[in-house]
1. Among the residues of region 72-81, what is the count of those that are closer than 19 Å to E6 by Cα and over 13 Å from the mean Cα position of the chain (by Cα)?
2. Just to be sure I understand, how many residues within region 112-156 are in a helix (DSSP H, G or I), over 19 Å from A31 (Cβ atoms) and at pLDDT below 90?
3. Return a yes/no flag: does region 56-69 have any residue that is under 17 Å from T21 (Cβ atoms), surrounded by fewer than 16 Cβ atoms within 10 Å (Cβ to Cβ) and either of a type in the set (G, A, S) or modelled with pLDDT of 70 or more (or both).
4. Working only within region 72-89, note down all residues that are in a helix (DSSP H, G or I) and modelled with pLDDT of 70 or more.
5. Surrounded by 15 or more Cβ atoms within 10 Å (Cβ to Cβ) and modelled with pLDDT under 90: does that describe A48?
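The values are calculated or read from the model by the stated rules, or taken from the named source; none is laboratory data. A quick note: this is a predicted structure, and the numbers were derived from the prediction, not measured. Heads up, the Cβs are rebuilt from the backbone with ideal geometry, glycines too, and the neighbour counts pull from every protein chain shown.
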Amino acid sequence: MNSSIEITEAVKLAQKLIDRTREGRLTWEAAGILRSIVGATDISGAKAFTTTLEGNLKATVSLTKSGQNELLDFSLIEFDPRRYDRIAMPGDEPTNPDKDVLSVSVEKDPSFGYDTTDEMRLNGLLVDLYALARRSALKIDGSVERALSYLDRIAV
């Protein structure tokens with residue numbers, strides 16, 4: 001259950017993330033995708049995307065299923081950067097666990113509507129943010145530009 005404060009904070013944060021992503025100032029990557037031995041990764045089926053903010057804050061947007069319902073999940077996590085980018089060695093000092101700063105979830109298409117207008121607004125923002133994050137992680141804009149350029153060349 002989301003509190004009204006969490007919904008309000010999520011609306012503000014989601015809007016800023018959308019703006020910065022559209023401006024090209026934020027890039028997203030697929031979350032939870034393991035690289036194969038040869039280094040190739042198929043992220044086309046990814047359902048969660050993350051971006052790192054200020055070094056130790058990570059925003060994640062994802063699409064999940066709960067029974068018959070699709071949920072848009074959005075979170076902001078503070079993590080210990082020492083825990084990433086290296087292998088832990090015996091004798092290392094313990095690192096701090098991840099801390100959930102904000103975590104909300106809304107139904108993508110609720111059968112009975114939304115409880116508040118902020119919740120409805122958050123849903124719309126998360127749909128847009130999810131689409132932008134997916135496009136950024138899959139580098140779709142570059143692929144579309146290449147396809148358009150190719151079609152322009154063969155049309156002449």
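1. Residues of region 72-81 closer than 19 Å to E6 by Cα: 72-78.
With over 13 Å from the mean Cα position of the chain (by Cα) added as a condition, the list becomes 78.
Count: 1.
2. Adding up the residues that qualify gives 15.
3. So in region 56-69, the residues under 17 Å from T21 (Cβ atoms) come out as 57-63.
Next, only the ones that are surrounded by fewer than 16 Cβ atoms within 10 Å (Cβ to Cβ) stay: 57.
Still in the running and either of a type in the set (G, A, S) or modelled with pLDDT of 70 or more (or both): 57.
Scanning region 56-69, I find at least one residue that is under 17 Å from T21 (Cβ atoms), surrounded by fewer than 16 Cβ atoms within 10 Å (Cβ to Cβ) and either of a type in the set (G, A, S) or modelled with pLDDT of 70 or more (or both), so the answer is yes.
4. So in region 72-89, the residues in a helix (DSSP H, G or I) come out as 81-83.
If the condition is that a residue be in a helix (DSSP H, G or I) and modelled with pLDDT of 70 or more, then P81 is the only one that fits.
5. Details: surrounded by 15 or more Cβ atoms within 10 Å (Cβ to Cβ): yes; modelled with pLDDT under 90: no.
Here the answer is no, as A48 does not meet what is asked.
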